[in-house]
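Engineer: Got a structure for you, written out below as structure tokens; questions coming shortly.
The values are calculated or read from the model by the stated rules, or taken from the named source; none is laboratory data. The shown structure was predicted, so the numbers you read here are calculated from the model rather than taken from an experiment. With ideal geometry, Cβ positions are generated from the backbone for all residues, glycine too; neighbour counts draw on all protein chains shown. Surface areas here come from the heavy atoms of the whole protein model, side chains and all, with no ligands, DNA or RNA. Shrake-Rupley method; radii C 1.70, N 1.55, O 1.52, S 1.80 Å.
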Amino acid sequence: MIPDITKQQIATLHFSGRPLIICDVDEVVLHFTSDFEAFLGERGLHLVPDSFALNGNVRERRSGKAVAGRHLGQLLDLFFHERTLNMKPISGAIPALLEFGKQADVVLLTNLPHTAGNLRRRNLEALGLPYPVITNSGAKGPAVLELAGLSGHGTTIFIDDSPQFIASAREHAPQVHLIHFLQDERFARHLEPLDYVSLRSATWEETRRHVLQLIAKGA
């Protein structure tokens, strides 16, 4: 199911009939982990890279006790409202996405509190990205399918760091090319390669080349 607020945002989009790039934001376009670690440090907490997850890995620095459940959710909500406006881009992300926009439609599909959506839009606009930002909650597959259908072009590419969101896109929109972007090796090392993705990448230079090849093939 697509959240109603996400559906409403998607309904405002108009595509050009070119290929479609759907791209995640946190840890794909913008640095999330490093900012979140600084935020946690100010509160006597830290993030340990023991698995590809936040739950169980955010811990009290003194006791080592894990912060989970409702408290972790509150921390994330506060983080996004405090820090989103000033998040910094991952190397190569902005130039690559701008280059894609010359040949394709680009949509940024991001899971963060919907109430922080305008902060994310302002941040990305300040960094020079003119693309629509769609806020989502829960699995991304249904939204990816909706966007691909609205585009109408045969070539859609979805870029995300989350294996759950990549798997969701495969389930709901198997025609979409999937790129698993994992730039932080501390967490990426916990994930086995997914044999159904078009590319697993740790850099935007490699991702840029691959996306342009997919666009050229589908044009």
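Engineer: Picking from 18, 70, which residue would you name as being part of a helix (DSSP H, G or I) and of a type in the set (Lys, Arg)?
Structural biologist: Testing whether each residue is part of a helix (DSSP H, G or I) and of a type in the set (Lys, Arg) leaves just 70.
Engineer: Now for a separate question. Out of segment 129-156, which residues are more than 13 Å from the chain's Cα centre (by Cα) and part of a strand (DSSP E or B)?
Structural biologist: Of everything in segment 129-156, just one residue is more than 13 Å from the chain's Cα centre (by Cα) and part of a strand (DSSP E or B), namely 156.
Engineer: Further question on the same structure: For segment 95-115, state whether one or more residues are open to solvent by 10 Å² or more (accessible area, probe 1.4 Å), β-branched (Val, Ile, Thr) and not in a strand (DSSP E or B).
Structural biologist: Yes, segment 95-115 has at least one match.
Engineer: Give just the number: which of (1) within 21 Å of residue 159 (Cβ to Cβ); (2) β-branched (Val, Ile, Thr); (3) at pLDDT below 95 does residue 67 not satisfy?
Structural biologist: Failing condition for residue 67: (1).
Engineer: Given the options 30, 20, 78, name the one that is over 29 Å from residue 210 (Cα atoms) and under 21 Å from the mean Cα position of the chain (by Cα).
Structural biologist: Testing whether each residue is over 29 Å from residue 210 (Cα atoms) and under 21 Å from the mean Cα position of the chain (by Cα) leaves just 78.
Engineer: While we're on this one: Using beta carbons and a limit of 7 Å, which pairs, at least six apart or on different chains, have the first residue in segment 192-219 and surrounded by 15 or more Cβ atoms within 10 Å (Cβ to Cβ) and the second one charged (D, E, K, R) and at pLDDT 95 or above?
Structural biologist: Taking only residues 6 or more apart or on different chains, the pairs are 208/99.
Engineer: Follow-up. Among the polar types (S, T, N, Q), crowded, with 16+ Cβ neighbours inside 10 Å and either in contact with a helix residue (DSSP H, G or I) (Cβ under 8 Å, 6 or more places away or on another chain) or closer than 16 Å to residue 28 by Cα (or both): which single residue out of 162, 151, 137 fits that description?
Structural biologist: 162
Engineer: Name the pairs: first residue in segment 81-95 and farther than 16 Å from residue 131 by Cβ, second residue open to solvent by 50 Å² or more (accessible area, probe 1.4 Å) and of a type in the set (Val, Ile, Thr), Cβ to Cβ under 7 Å, at least 6 apart or on different chains?
Structural biologist: 92/203
Engineer: Quick check on my filter: what residues within segment 16-49 are open to solvent by 50 Å² or more (accessible area, probe 1.4 Å), touching a residue at least 24 places away in the same chain (Cβ under 8 Å) and either of a type in the set (S, T, N, Q) or in contact with a Leu (Cβ under 9 Å, 6 or more places away or on another chain) (or both)?
Structural biologist: Hits for segment 16-49 are 16, 43.
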